[in-house]
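The values are calculated or read from the model by the stated rules, or taken from the named source; none is laboratory data. For clarity, every value in this text was computed on a predicted model and none was experimentally measured. Every residue, glycine among them, receives a Cβ derived from its backbone with ideal geometry; neighbour counts consider all protein chains shown. When the accessible area is computed, the model is the full protein with side chains, heavy atoms only, and any ligands, DNA or RNA have been set aside. Shrake-Rupley method; radii C 1.70, N 1.55, O 1.52, S 1.80 Å.
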Amino acid sequence: MTTSFLGEPVETSGYPVFANCAPTQPIREDLMSTSTYAGKKALITGGTIGMGLATAKIFVDGGGEVIVTGRNRKNLEAAQTELGASAHVARSDTAVLADIEQLGTIVEEKLGQIDFLFINAGFAQPGPFGHVTEELFDNTFNVNAKGAFFTAQRLAPVLKDGGSIVFTTSIANDSGNPGMGPYAGAKAAVRAFTKVIAAELLPRNIRVNAVSPGFIHTPTAGITGASPEMLQAFEKIGDQLTPMQRHGSSEEVAQAVLFLAFDATFTTGEELNVDGGLGQRINRPQGQ
């Protein structure tokens, strides 16, 4: 059975995961203007759908210029159309070091330096640890951990002093959810990278933080060919498990990302949960 975990297509094999489907919440347009990010430049990996695209849209609507990456040509073309002239799209595979190196060159040529790097590309395919293959393990770590680390390493030299990096982690980091072994391990590694890189970039006044989403709604829930019935089932599960009894929207995650990127100026090494209270293990009052 297929679902979406943090905006990524995954195979659940009957194991509970944090799916992404729910009513969206409106963007707080009162918190930004068309000049909020004027003159700012950014790179967003995994930026053609879901949380990455929502972040790019708020950023360019606020006057910023962005490069978004993805692997699917149709998604790249659609993102270019939606984001307009202030955006550039680049086909890039975060699991391939040669692509990461080329991406750095593209950023240098298109933008020169950047103010903000959002490392958001990810991959998940859950299953019981006894059935995990070496290929699946390597794919999961190559995208989520290795790719994230080397993207930060390659792009750090073109990040302005005083800029920021935001990683996407996951509430799977410490949830102990069955079937999430490689994914949880890879995202836990990214949580560790966040702290270490934050420490190493202190001399340049570059802040490094992470956003940790829970059940987040995306237009397709990241599910290829999913039936309406399947989407409804995942929505129900997510709403039951989340203390706020709803899914978050991609825009809500995007607002948290941009808060960490530009407004949280005395915060570094932090992981911000955007999960409706799920990661805090709080309980809703009975009957309410």
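The range 53-124 holds strands (runs of 3 or more DSSP E) entirely within its bounds, and those carrying 2 or more residues that are open to solvent by less than 10 Å² (accessible area, probe 1.4 Å) and within 19 Å of G147 (Cβ to Cβ) map to 65-70, 114-119.
Tallying residues that are part of a helix (DSSP H, G or I) and surrounded by 16 or more Cβ atoms within 10 Å (Cβ to Cβ) within the range 125-136 yields 1. The listed residues are T268, T194, and the only one of them that is within 21 Å of K160 (Cβ to Cβ), assigned to a loop (DSSP other than H, G, I, E, B) and modelled with pLDDT of 95 or more turns out to be T268.
Test G176 against the stated conditions and say whether it is open to solvent by 20 Å² or more (accessible area, probe 1.4 Å) and more than 18 Å from the chain's Cα centre (by Cα). The answer is yes for G176. When G269 is tested against the conditions (1) touching a Lys or Arg at 6+ places or on another chain (Cβ under 9 Å); (2) open to solvent by 50 Å² or more (accessible area, probe 1.4 Å); (3) within 12 Å of V211 (Cα to Cα), the lone failure is (2). Only one of the numbered conditions (1) touching a residue at least 60 places away in the same chain (Cβ under 8 Å); (2) polar (S, T, N, Q); (3) on the phi > 0 side of the Ramachandran plot is violated by Q255, and that is (3). Can you find even one residue in the range 215-227 that is assigned to a loop (DSSP other than H, G, I, E, B), under 17 Å from G279 (Cα atoms), touching a helix residue (DSSP H, G or I) at 6+ places or on another chain (Cβ under 9 Å) and at pLDDT below 90? Yes, because at least one residue in the range 215-227 is assigned to a loop (DSSP other than H, G, I, E, B), under 17 Å from G279 (Cα atoms), touching a helix residue (DSSP H, G or I) at 6+ places or on another chain (Cβ under 9 Å) and at pLDDT below 90. Of the set (1) at pLDDT 95 or above; (2) over 20 Å from V190 (Cβ atoms), all apply to P128 but (1).
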